[in-house]
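The values are calculated or read from the model by the stated rules, or taken from the named source; none is laboratory data. The model shown is predicted, which means the values in this text are computed figures rather than measured ones. So basically every Cβ, Gly included, is an ideal-geometry build from the backbone, and we count neighbours across all protein chains shown.
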Amino acid sequence: MAEAVENFHHDRHEYKFLIIDNHSDSLLGCISLFIRHPEIPHFEIGYWLATGATGRGIMSSACRMITEMASVFLKARCLDIRTAKRNIRSQAVARRCGFRLEATLINDRLDSMGRVDDTCIYIYK
């Protein structure tokens with residue numbers, strides 16, 4: 001917990017935003033802006049969304065907002081989203097928000113089931 005508080009006060013690792021349902025106040029997901037290289041500045045967007053909240057444009061909306069924040073307020077020169085190749089929905093969010101596929105890293109990650117998967121890197125231009 002102390003590390004999280006330290007990060008919050010000094011912007012060292014990430015900016016994290018919870019996605020809360022306006023009607024029920026339940027947690028739907030989270031979107032983060034990871035600080036990769038502050039001197040560039042280079043950021044990576046990461047996100048997750050509860051299964052019951054998918055298909056409603058929630059993550060696309062959150063991604064557009066955090067992309068604008070990174071571009072306008074943080075003056076990001078490099079902004080990317082890295083997703084598992086099997087995660088078709090996450091790739092669709094990236095494309096809807098103006099990101100394009102830059103590279104695919106072969107056999108670069110393990111998925112939640114422990115299977116080897118590729119990593120797709122989408123960049124915002």
**OP:** Could you tell me which of the residues 79, 105 is over 14 Å from the mean Cα position of the chain (by Cα) and modelled with pLDDT of 95 or more?
**Re:** 105
Original post:
Given the conditions (1) farther than 19 Å from residue 19 by Cβ; (2) out of contact with any helix residue (DSSP H, G or I) (no Cβ under 7 Å at 6 or more places or on another chain); (3) surrounded by 14 or more Cβ atoms within 10 Å (Cβ to Cβ); (4) of a type outside the set (Ser, Thr, Tyr), and given that residue 120 satisfies all but one, which numbered condition is not satisfied?
Top reply: (2)
Original post:
Can you tell me which of 68, 102 is more than 25 Å from residue 28 (Cα to Cα) and among the charged types (D, E, K, R)?
Top reply: 102
**OP:** May I ask you to verify whether residue 84 is of a type in the set (A, V, I, L, M), more than 18 Å from residue 33 (Cβ to Cβ) and touching a Cys at 6+ places or on another chain (Cβ under 8 Å)?
**Re:** yes
**OP:** Please tell me if residue 96 is surrounded by fewer than 16 Cβ atoms within 10 Å (Cβ to Cβ), touching a helix residue (DSSP H, G or I) at 6+ places or on another chain (Cβ under 6 Å) and either farther than 16 Å from residue 49 by Cβ or among the charged types (D, E, K, R) (or both).
**Re:** yes
Subject >> Qualifying positions in segment 87-117 - within 26 Å of residue 18 (Cβ to Cβ) and either aromatic (Phe, Trp, Tyr) or in contact with an Asp or Glu (Cβ under 6 Å, 6 or more places away or on another chain) (or both) >> reply: 99, 109, 111
Subject >> All positions within segment 84-99 that are part of a helix (DSSP H, G or I) and either free of Cβ contacts under 8 Å to residues at least 12 places away in the same chain or under 10 Å from residue 123 (Cα atoms) (or both) >> reply: 88, 92, 94, 95
